[in-house]
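Notes follow the structure.
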Amino acid sequence: MSELKSESQDQSLAGLFNAISFQLKGIMIAFMAGSVNYAFVLFADTSGHEVALSVPILATALFTIVWGDATLKSQMANIKDASSKTKETRAHKVISRQPYSLLRFMNFGLAVALAASQLSILFK
């Protein structure tokens, strides 16, 4: 039991799990906002309101980019700050091998692609 307690007090590990949890919350928020944006542009009469509806679309994209990038950077920082005992765990080895640069690029690309898709529907 004392081993479990000492590992749970590892700040880098706790920070890593907090960053992952924070990222999942951001994904849920971005998904809900994107769904609402799509609902508006697909099913509502948007004629004459294109500029006004562009604001939440761009805000959702910006939120996705900033939130995703911040959480991925936080995860990378916590991986680098891990104690030697934490670095020996399988979880750390798997998490630290993730292609974080690619994930950051994918986050950016997905946000831009969704915003472009929504704007193209809105302004057609």
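Annotations for the structure displayed:
- Cα-projected label distance for K73 with D45, points at 7 Å along beta-carbon direction, nm: 4.5 nm
- Taken along the Cα-to-beta-carbon direction at a fixed 7 Å, the label points for V66 and Q11 span 2.7 nm.
- Cβ charges +1 (Lys, Arg) and -1 (Asp, Glu), total dipole of the chain, debye: 400 debye
- Quotient of the Cα radius of gyration of the chain and 2.2 N^0.38 Å, N being its number of residues: 1.39.
- Signed unit charges on C-beta, dipole axis of the range 17-124, positive-most listed residue G68, S21, N78: N78
- Estimated FRET transfer efficiency when R0 is 25 angstrom, pair I20-K85 (beta carbons, to 0.05): 0.80
All of the numbers you see were taken from the coordinates with simple rules; none came from a lab. None of the values given here were measured: they were computed from a predicted structure. So basically every Cβ, Gly included, is an ideal-geometry build from the backbone, and we count neighbours across all protein chains shown.
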